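Please treat every number below as a calculation from the coordinates, not as lab data. This is a predicted model, so every value here is computed, not measured. Cβ placement follows ideal geometry from the backbone for every residue including glycine, while neighbour counts extend to all protein chains displayed.
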Amino acid sequence: MKFISLLGATGSIGTQTLDVIRDHPDLFRLVAFSVGKNINLARKIIQEFNPELVSVELKDDYETLKNEFGHSIQFTYGQAGLIDVAVYKKSTLLVNAVLGSVGLLPTLQAIQAEKTVALANKETLVTAGHLVMELAKRYRVDVLPIDSEHSAIFQCLQGEQMSEIKRLIITASGGSFRDLTRDQLQNVTVKDALNHPNWSMGAKITIDSATMMNKGLEVIEAHWLFNLPYEHIDTVLHRESIIHSMVEFQDSSVKAQLGTPDMRIPIQYALCYPNRVALSNTKSLDLTEIGQLHFQKMDQERYVCLKLAYEAGKIGGSMPTVLNAANEAAVAAFLNEKISFLQIDQLIEKALERHNVIKHPDLESIKAIDSETREYVNSLI
Ligand code: NDP
Ligand code: MG
């Protein structure tokens, strides 16, 4: 039995994690979870899963739930609440499915409390991958990927030697605007951008997919998870999202992981690792039904965000922190209809250009750079 803490239970990954837990009451028990503002769904999760600790974002919601549920459950709130959930004494595994760099501190604390970390929250690794991976090594804690591409690579690497990898090939669906030229992106709307062809995900990552920043963040995420230089991490456009990513080895042999686009599969793999179990309502992959798979070179002039992410990753230090914070601020502004789609990469580029990189930023510097960058981007809007 694994005792699970779940951050971001009300989100796209969070609710699919609950599907996996619900499917295996013999393997998993939800002991603690956090939500943001969706306390209606929090109530339903409490009633169904009967956890011991629940965290909400706002103090008012905390008071409300505490009055409703009395002393049978512990409640907590805010940033400290996320940490309480992450380090909850009874939990053995943390699923981090919260959105944005707010997931960093709880991840670091969970590692220090020796919890296995199943990570969907890629912003954590982009913002401070060096701190997370150093700490994980020191405490001998596994950081298991949930992101489908990284799960695919992780699955391909089972039984292999890390020193024998030649390169990683991360696939990208291309997002909602993959068939438009850069000129045609001038007047696209939030509604257009939220219409992803292959995956149903939260709003921020759907926009990141449309700008291709999602792939950029994933390249940085792969750099940290698999400890490889950027020169050995490639991306390819693969519109069907059937091959979730590939690994090429020194002998030029390539391994790929395939499957229907269903996030419950990589979530369950991380939760069950190193075992595999059946999962309800999954569809077997029928390649004859799909017929053809397509692959295209990635055009970094078309996908400026991908280029910016590679550049920031290669410079390293505090540059990826700026990339992530500027992106979070710009995407939030686009979702609130304050800027146009093409202003997203322009704002990120400005933030990167003005930043004086710090080579080995500590946690305090990262927090300061993250908030300064958000303030700067918001001041330009
Ligand atoms: P959603 O927007 O669907 O969910 C985000 C979750 O985080 C919600 O539970 C939300 O709470 C909570 N949350 C947001 N902000 C805060 C905050 N400030 N404090 C506390 N809780 C907060 O996002 P996704 O599930 O799509 O994505 C989550 C993470 O997983 C992201 O890092 C994303 O990049 C990654 N990911 C997602 C994939 C997907 O298929 N969706 C695939 C691969 C990675 P509430 O709604 O209650 O306010
Ligand atoms: Mg992904």
Quiz prompt | Whole-Hz ³J(HN,Hα) from phi, Karplus 6.51 cos²θ - 1.76 cosθ + 1.60, for region 122-139, glycine and proline x | solution = 5, 4, 4, 6, 5, 5, 8, x, 5, 5, 5, 6, 4, 5, 4, 5, 4, 8
Exercise. Can you bin region 66-213 into rounded, prolate or oblate? Criterion: square roots of the alpha carbon gyration tensor eigenvalues sorted a ≥ b ≥ c, rounded for a/c under 1.5, prolate for a/b above b/c, oblate for the rest.
Key: oblate
Self-check item: the chain: most fluctuating residue of Glu149, Glu289, Glu218 per GNM, C-alpha cutoff 10 Å
Solution: Glu289
Quiz item: Which peptide among 89-102, 58-71, 221-234 comes first, and what is the full order, when sorted by highest mean count of other Cβ atoms within 10 Å?
Solution: 89-102, 221-234, 58-71
Quiz item: Of Lys166/Lys350; Lys66/Lys89; Lys137/Lys204; Lys37/Lys359; Lys44/Lys89, which ones are farther than 27 Å apart at the Cα?
Solution: Lys166/Lys350; Lys137/Lys204; Lys37/Lys359
Self-check item: Euclidean distance between Cα centres, region 301-348 to region 167-198, Å
Solution: 15 Å
Exercise. Between Thr206, Thr124, Thr107, find the one with the highest GNM mean-square fluctuation for the chain; connect C-alpha pairs within less than 10 Å.
Key: Thr206
Quiz item: What spacing in nm lies between the two simple spin-label points modelled at Ser253 and Ile73, each 7 Å away from Cα in the Cβ direction?
Solution: 5.0 nm
Exercise. For an R0 of 22 angstrom, estimate the FRET efficiency from the Cβ-Cβ distance between Asn356 and Asn378 and round to the nearest 0.05.
Key: 0.65
Quiz item: Based solely on its DSSP helices, what 222 nm [θ] is calculated for the chain when runs of n ≥ 4 H residues each add -39,500 (n - 2.57) and the sum is averaged over all residues, nearest 500 deg cm²/dmol?
Solution: -14000 deg cm²/dmol
Exercise. Determine by what factor the alpha-carbon radius of gyration of region 150-311 differs from 2.2 N^0.38 Å, reporting the quotient.
Key: 1.07
Practice problem: Decide, for the chain, between rounded, prolate and oblate: order the square roots of the alpha carbon gyration tensor eigenvalues as a ≥ b ≥ c, take rounded if a/c falls under 1.5, and otherwise choose prolate if a/b is larger than b/c, else oblate. | Solution: rounded
Self-check item: Among beta bridges that DSSP assigns inside the chain, antiparallel share in %, nearest 5
Solution: 25 percent
Self-check item: Candidates Asp179, Asp345, Asp362, ranked by Gaussian network fluctuation over the chain, Cα under 10 Å, top entry
Solution: Asp179
Quiz item: Whose amide H sits under 5 Å from the amide H of Tyr77, counting only residues 5 or more places off or on another chain, with H placed in the peptide plane?
Solution: Val56
Quiz item: Hey, fewest Cβ within 10 Å first, where do Val31, Val188 land in order?
Solution: Val188, Val31
Quiz item: Does region 1-111 classify as rounded, prolate or oblate by the C-alpha gyration tensor (a ≥ b ≥ c root eigenvalues; a/c under 1.5 gives rounded; else a/b over b/c gives prolate, otherwise oblate)?
Solution: rounded
Practice problem: Please report the relative contact order for the chain, taking Cα pairs under 8 Å with a sequence separation of at least 6, and give it as a percent rounded to a whole number. | Solution: 15 percent
Exercise. Please identify which residues in region 125-149 have an amide N closer than 14 Å to a label point set 7 Å out from the Cα of Tyr230, following the Cα→Cβ vector.
Key: 126-127
Quiz item: Over region 316-381, what is the relative contact order in whole percent, taking alpha-carbon pairs under 8 Å and six or more residues apart?
Solution: 52 percent
Quiz item: Which ³J(HN,Hα) values, rounded to whole Hz and listed in residue order, are derived for region 266-281 from phi using the Karplus coefficients 6.51, -1.76 and 1.60 in 6.51 cos²θ - 1.76 cosθ + 1.60 with θ = phi - 60°, glycine and proline given as x?
Solution: x, 4, 5, 4, 5, 6, 9, 2, x, 9, 10, 9, 5, 9, 4, 6
Quiz item: Can you list the HN-Hα couplings for region 296-313, worked out from phi with the Karplus curve (6.51, -1.76, 1.60; θ = phi - 60°), rounded to whole Hz and with x for Gly and Pro?
Solution: 9, 5, 8, 9, 6, 7, 6, 9, 4, 4, 5, 4, 4, 5, 4, 4, 5, x
Quiz item: Out of residues 5 or more away from Asp142 or on other chains, whose amide H comes under 5 Å of its own, with H placed 1.01 Å from N in the peptide plane?
Solution: Val117
Exercise. In nm, give the distance between the simple-model label positions of Thr92 and Gln343, each being 7 Å from the Cα along the Cα-to-Cβ direction.
Key: 5.0 nm
